[in-house]
Structure formats: C-alpha cells, structure tokens
C-alpha cells in the first residue's frame, strides 16, 4: 500500500469476531468501517434467558456506536452486505432502501453463523430458533401466548400440545434452553395459571446421537443428563426428528409428540456471506482460511469466527465458539496492522480455557482448561461469574447481576410480557384455534 | 342478586382504573374476570423515557398475572372486547383467532383513552403517538434510524429533516418528550455521531394556545417555558398545526418546518369502547356517569377513568388523569361490593394531590395539592420520588432507580437499540431515501 491515503479496513459483522477486530485496530494507522445490519452487538450466550423471560432483550444488546464512542478511526454503517467484489475491492451494502458501494483496502468478514435446518423445509417453517435477539423475543412472545391460550381452551389434545415444549439439540444451547424453560414453567407460570397447579410441565430435550454435550468428557455428559432429569426435563437420546408439523414432532423410533413449540438448536452453518467470496467452501459453508486468517487464494481478505474453516494441529477444525471468534478477530486486526507497516504476519494458535454449559438454578457442568471437571453448584457459579464479566458495559453488568440475584432469591422471571409485532405476525399466528378473524383495521391506544 | 351463584364482575382494561378496581375486589364475595388486550399493565407516565432510550420497555410493563398471583377470585383473559350487550349482560371478546362470550353480573369498563387526531387523517398518517408501549418502541426505533440514515446522506435538506424533531402539545407529555429528546440528542447521540459534533440539535415544541401546561398557575407555566428554552428546546406558542406530510409540518402562521419526526401529544379522546354501550356520549367520546360511577341510564354497568364523564361541584369534568382513574376504579369496586350485600353506594369525591411535569435533568414544575408551587431541582426530585414509589413491583422499582441514578451521573441513555419488526414495517419505512416501498396492506395492532 504505497499511497498517501490511510488504508481503509472494512469489517462486516459486529459479533464477537468483528467487534474484537475493530477494537484492536484502535491504534492502527487505518480507517475502519464496521458494517452490521443491527445497530447493536448481541451477547448471544444469554439469548435463552431473554426467550425464557429472565432478562430484558436490551440487557444483552449493546449499541455499536456506544462501544466505539472514543475510537476516532472507526465509522459505523447499519446495513446488509449484498455482494463482495474481491477484484475491485468493494462491498455493496443495502441500507434503508438505498444501496451503497464501500471500497476497502483490507476486508474482514465476520458474519457468524445461521441456523442449519439441513434442507428440511418443514423444520424451518415450524420451529423456533435462537440465533438473534428477534428470535428470542419471538419465542418469548410465543411461549407466553401458548399459556394464555391454554387458559381458555377446552380441547384436551390442543391444551396438551400448547403446554409441551420440545427442544432439539444436545449442545449447550439446547440444555440451557430446556432447563430455563422448565424453571420458568415450574417456578413462575404454575403459580399464575390456576389450571396449571395440578399439571406436570413437559419439557422434552431431544438429541439425535446417544449423548449430550459431545465435546465434554463422559462423566460430565452423564452428570449433565442427570442434572436435567432431576430438574424434571425429559431427555430423549439416539432419536433424530424425522417429521414436524404445526402441532407435532415425529421421532425416528415412531413416537409422535404433540407440541406447539419446537425449538431447533441442533445445527448451525456459516453465514451465507461466505458464498459471496467466490471460493470453494468447506463443510457447513465455512470459508477455508490460512493460519493468518486470510482467505485461501484471496488477497487482503480475512475471515474470522464461525465462518472461518481452519484446522488445528490434530487436523480438526476449530469449533464455532465465541473465544475462537474473539481470538481470530484480534489476530486478523493485528495482521492487517502488520501488513500496513510491512511486518510479517502471525499465525493462529487457540488459547482454550475450556467449555461450560448451564442447566438451571445451581445446575451446570464445566470443563475448565479442558482438564478440571466441575458439576452442579460450583460449575454454575463459574458459569455465572464468567458471563457476568464478559457482558459489555458496566451498567449492563450491574443490572444483569441484580436480575440474576433477584431471580435466584425469588424464582422470579418478571419479564413476562408479550410485546411488539413479533407476537402477532410470526409463527405464533400460524395456527389459529378456530377460524381466522382479520385483525382490526385500526387499533387505537389503550383499548383492550 | 338473589342467586346462590357468586356474582361475576367483568372488568375491561388493565390500566390504572381497571387495575385498582380489580385489586379492590380481592376480598369481596364475587368472581372477577379482568380483560385486556395485553398481558401486562403499562406505567404510562414513563412511556417517553422508553421512546428516548432511557428505560427498557419491560421496565414499565408489569404482567397482569404476576400482579394478581395471590388474588384467588380473579381470572385474566387476554383479548379484545368487540361488543357489549347490556341487556343480555355479556361482552364479546376476540382472543387469538377465536371469539368468546363472557357473561357478567356487574361490568366495569376502564378502556382509558386514545390519541385524538381531530379527524385530521394526514396527522394520523404522518405522526407518532405515545399512548402505549408499542408506540414508544416504534418511536425509539424511528429516532435511532433517522440518526443512522443521516450519518450517510449527502442531501442537506433531507439531513436537516432527519435531525429535526417536532413535538406538538404543551401538556406534560409534550414537555417531557421534548425535554428528554433534547437531552438524548445533546448528551448522548452527539458524542457518537461524528457528523453531529458541530450541529445544533433541533427540538421544537409547538402549542396551539398561548401557554404551556394550561391547568397550572401562570408563574409555573412561565417557569416551564423558561426551563425548556434554557435547556435548548425551541418553544412555539399560539400556532396550531395546519398541515403535515412525510417530511414537513406547516403551522398556522405559514412557517414550514422540515422534519421526519412529528410527535403528536396534543389531544386525547375516550376509548371507542364507550360507543358499544349504546348511550349518548359526551365531548371526546366520554361516557356520562352518575357520581356512583354507574353509567347514566344503564344498570350494573360502571365506567371509570379517562372514559368516564363526571362533573365536579364547579361543573367542570374531572380531568383524564391517573389519580382520577385510580380513585374511580376503587370506588366502582367498592360500590359493587356494596350492591352485592345490599348496602347503599357511595359517591365520588376527588382527592387531588396536585400535578407535575418534568422537563429534563433537574428541570420540572410541580403544583403540590394545587397550592404549593415548586420549580427546577426541587420539583424534579418530587417528580422522581413520586414516580419511583408508584412503579409496581419491588424489582422494577430498584432497577428503574439504578437506571435513573446511572443516567444522572453519566448522561447515559444506554437503551439505544433498534429492535423488532417495529423497526422495519412501520412509519420508519414510509419514506425511503430512493425508491418507494408500499405500506403494509394491513396496519395491525402496534402500528401507530
């Protein structure tokens, strides 16, 4: 880059990979343009708490411009990337009804992941996902609406389907969601819905393979299952979903579960942004990168996080986890800064501090540094502390902490409100109980 | 009521009137059915703080079932009342695609108020209102989107319109909204949008009459105006809006203000539920009631709060204020309890503790017991304390308090996120920068 102009780095995505890349370019002699379709960064590990009425959505969303208020070399564009031209070095962004071309000298693509339905269109139509904040609010609205409906329905079969929740996927998201839903049901909703007092809540966790939490050691896998089952969650293993509909899930062994709520947490794939790069993709749509995080075969283009396909020394691809994304984002930023001044680039080596998954109040498993196994209360405390420290912004951390302490003391989940168009025009409306009645033409304020 | 059956009281609306009526029937020998189209009660005095990124919407919404968890004689139905049959004594409720008939022995209608556009369809189309939580979130999303758009636009005229906010209405809502918007702009957004650093924010408060806060004494009216103007808000008096469009407001004196954000806080009318009662309505669609809160000419039907038309001893109708609604709700409940046991009913007498309006940080006016005038810091403290005490639920009160203290210390408004379908399919999208996008065919519920 032998120009007088300051090089321009365009970063696509304000998830963990993009955010840490942008932060690490603060002191570099570059201009940074960060692009995201939302104006906020989402703390995704707590989406399930938003979906289960434990936290306000705003608590885990942090405005991008607030994060970078003091970083003078950064500008933000809210919009969606529609194409990437790696020859002309520019991206096309759609933003509020207009289209912009943004030129780059260096590009970091950090689009994260999307739900993988493995081409099962039924599944996509009838299930809920938990990948972003809108998903979480939509699921929260849906769940609460099922309870309100069930309160006034006579048909026993429909009633049962409304009160049965099926979570598919034995990874951390599946466990966390199933556990939190059971607790919401058992400790909060039962007290508020008279018809639930003598009803056993049904939350069913379904996993296709024969074990939960595949990357964990076997004793932690077993502990996780035991903790779920003593809580009250039904665990079904070795049983993939073969069919889904409006009000049922069918498993491979032939059993049919009547449910209005299927949460699909059994698959992720890379963001479709990878397809815009014109290179051959790896499994799950991931983009093969060099250990410098540069895309194999492209100049000036880096891919980090869930979208990047890079193998470790054992030949296994690095997992789609937040710490990987963070560390890769930092490396890509530093490598660009090195390229700008003509230094040689560094290569990725993952500092793995282990993994953990929470199941509920005082229930969790943790595998610290992939050496020390923790279960139950201790693992839960470790999980709590880690996530609290990771939440961005002092105010958010303080109020999240208060929410958690409060929930722990009182078993309260007080964010039980059905708010927004999400509640009316999404999947929640796909099966009216009887006849569809058109929405009123004008709904005026405060009219119940 | 000489039956063995316990009498059934149906309450329509979980606003302040309906809520306090329901609470006051806790010990009475009746069954209570509370109906609202939302599953939560809204603390409406703080809607403007949600719209200006100061509070999460969930902070001022409290789930109805949570409020009445321990009230065994109450059931809740989430739905919308479509008709009232005062002869057969039943209401028709639409709930989740189905229609229910609910019989009553006694009915309390507490539907509150709606925005009054005085039949100006332009105004309804192009302005934002602040009557419910969805309105507040919609306005928040819109405001933040204007700033994101303005960051990337070259056309100076469009740029100015995006950054000019016009609030119409010189009552407390208008003052509070204008003041909070100015503070959001001045203390938060200016620091995060580089293009705003040298830009003067424009927030204009427009009032049709020659004074602000009409029911207040003149010195408080003048103080309110002075406090607004020293803050930075432009105040325009004696100048009704005569025309509005996508991107302008025209006033009676001929001046045209280019703006993309018109907040209409200049009129309310009673909920259209009143029309279902088949009685002659008063001005603003209010239902004439006896001093017992029973509807003039109907048996077993009470109307309370904003919907009720009742004159005080001076012949002036009681104002559409929360304390009036609360006290009337309590009276109606107690009168029903008296009727059930054959006691004679009481009549309404209003305990007026005065009124207040806040303008911003340390800026307010208060007229305690309609005798003691307070201005500035003291009035602001009084306002703060009163609202904090009034917020339902200890957890909400505590976290709202933290939010406020935090905002005061840091000038932070950290809830600056654009979330939900509200941000994509409402007025915010009505004027794309280039190509026109058709309005959604049906403007449902939460679209103002």
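The values are calculated or read from the model by the stated rules, or taken from the named source; none is laboratory data. Model, not experiment: these values are computed from the prediction. All Cβ positions, glycine included, derive from the backbone under ideal geometry; neighbour counts span all protein chains shown.
Structural remarks
- Any hit, segment B:281-298, residues being within 14 Å of another protein chain (Cβ to nearest Cβ) and assigned to a strand (DSSP E or B): yes
- Filtered residues of segment A:125-140 (kept if closer than 30 Å to residue B:33 by Cα and within 11 Å of chain B (Cβ to nearest Cβ)): A:137, A:138, A:140
- Verdict on residue A:303 being closer than 30 Å to residue A:337 by Cα and in contact (Cβ under 8 Å) with a residue 24 or more places away in the chain: yes
- The set of residues from segment A:34-44 being more than 8 Å from every other protein chain (Cβ to nearest Cβ) and either over 14 Å from the mean Cα position of the chain (by Cα) or within 21 Å of residue A:334 (Cα to Cα) (or both) comprises A:34, A:35, A:36, A:37.
- Taking the numbered list (1) surrounded by fewer than 16 Cβ atoms within 10 Å (Cβ to Cβ); (2) closer than 24 Å to residue A:131 by Cβ; (3) touching a strand residue (DSSP E or B) at 6+ places or on another chain (Cβ under 9 Å) in turn, residue A:219 passes all entries but (2).
- Residue in segment B:232-247 that is under 21 Å from residue B:129 (Cβ atoms) and without any contact (Cβ under 8 Å) to a residue 12 or more places away in the chain present: yes
- Of the residues making up segment B:67-87, just one is without any contact (Cβ under 8 Å) to a residue 12 or more places away in the chain, more than 10 Å from every other protein chain (Cβ to nearest Cβ) and either part of a loop (DSSP other than H, G, I, E, B) or buried (at least 21 other Cβ atoms within 10 Å of the Cβ) (or both), namely B:87.
- Checking every residue in segment A:125-141 against the condition of being surrounded by fewer than 18 Cβ atoms within 10 Å (Cβ to Cβ), in a strand (DSSP E or B) and modelled with pLDDT of 95 or more gives zero matches.
- Residue tally, condition touching a strand residue (DSSP E or B) at 6+ places or on another chain (Cβ under 9 Å) and buried (at least 23 other Cβ atoms within 10 Å of the Cβ), over segment A:181-212: 9
- Candidate set: segment B:250-267, residues that are crowded, with 22+ Cβ neighbours inside 10 Å and within 24 Å of residue B:284 (Cβ to Cβ); chosen: the one nearest to the chain's Cα centre (by Cα): B:265
- Any hit, segment B:363-384, residues being within 14 Å of chain A (Cβ to nearest Cβ), in a helix (DSSP H, G or I), at negative phi and crowded, with 22+ Cβ neighbours inside 10 Å: no
- Taking every residue in segment A:149-165 that is assigned by TED's automatic domain parsing to the domain that holds residue A:232 and pairing it with any residue that is in a strand (DSSP E or B), at least 6 positions away or on another chain, the pairs with Cβ-Cβ distances below 6 Å are A:160/A:258; A:161/A:258; A:164/A:202; A:165/A:203; A:165/A:261.
- Within segment B:269-280, restricting attention to residues that are free of Cβ contacts under 8 Å to residues at least 24 places away in the same chain and over 23 Å from the mean Cα position of the chain (by Cα), the residue that is nearest to the other protein chains (Cβ to nearest Cβ) is B:279.
- Among the conditions (1) under 28 Å from residue A:284 (Cα atoms); (2) within 16 Å of the chain's Cα centre (by Cα); (3) within 13 Å of chain B (Cβ to nearest Cβ), residue A:62 misses just one, which is (1).
- Flag for residue B:294 being under 24 Å from residue B:321 (Cα atoms) and free of Cβ contacts under 8 Å to residues at least 12 places away in the same chain: no
- For residue B:431, the conditions (1) within 14 Å of chain A (Cβ to nearest Cβ); (2) modelled with pLDDT of 75 or more; (3) part of a loop (DSSP other than H, G, I, E, B) are fulfilled apart from (2).
- Filter result for residue B:25 (part of a loop (DSSP other than H, G, I, E, B) and either over 23 Å from residue B:103 (Cα atoms) or at pLDDT 95 or above (or both)): yes
So that you can scan it fast, the table gives a plain yes or no per residue for (1) within 26 Å of residue A:225 (Cβ to Cβ); (2) under 19 Å from the mean Cα position of the chain (by Cα):
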| residue | (1), (2) |
| --- | --- |
| A:112 | no, yes |
| A:123 | yes, yes |
| A:138 | no, yes |
| A:145 | no, no |
| A:160 | yes, no |
| A:164 | yes, no |
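- Unmet criterion (only one of (1) facing another protein chain (nearest Cβ under 9 Å); (2) assigned to a helix (DSSP H, G or I); (3) touching a residue at least 24 places away in the same chain (Cβ under 8 Å)) for residue A:47: (1)
- Residue match in segment A:302-314 (condition: surrounded by fewer than 23 Cβ atoms within 10 Å (Cβ to Cβ) and either under 21 Å from residue A:90 (Cα atoms) or touching a helix residue (DSSP H, G or I) at 6+ places or on another chain (Cβ under 6 Å) (or both)): no
- Meets criteria (more than 15 Å from the chain's Cα centre (by Cα), more than 10 Å from chain A (Cβ to nearest Cβ) and modelled with pLDDT of 90 or more) for residue B:31: yes
- Index of the failed condition, residue A:137 passing every other in (1) farther than 20 Å from residue A:320 by Cβ; (2) in contact with a strand residue (DSSP E or B) (Cβ under 7 Å, 6 or more places away or on another chain): (2)
- Condition met for residue B:91 (more than 10 Å from every other protein chain (Cβ to nearest Cβ) and touching a strand residue (DSSP E or B) at 6+ places or on another chain (Cβ under 9 Å)): yes
- The residue that is nearest to the other protein chains (Cβ to nearest Cβ), counting only those in segment B:13-22 that are assigned to a helix (DSSP H, G or I) and in contact with a strand residue (DSSP E or B) (Cβ under 9 Å, 6 or more places away or on another chain), is B:18.
- Residue match in segment B:194-203 (condition: under 20 Å from residue B:264 (Cα atoms) and part of a loop (DSSP other than H, G, I, E, B)): yes
- Flag for residue B:143 being more than 10 Å from chain A (Cβ to nearest Cβ) and at negative phi: yes
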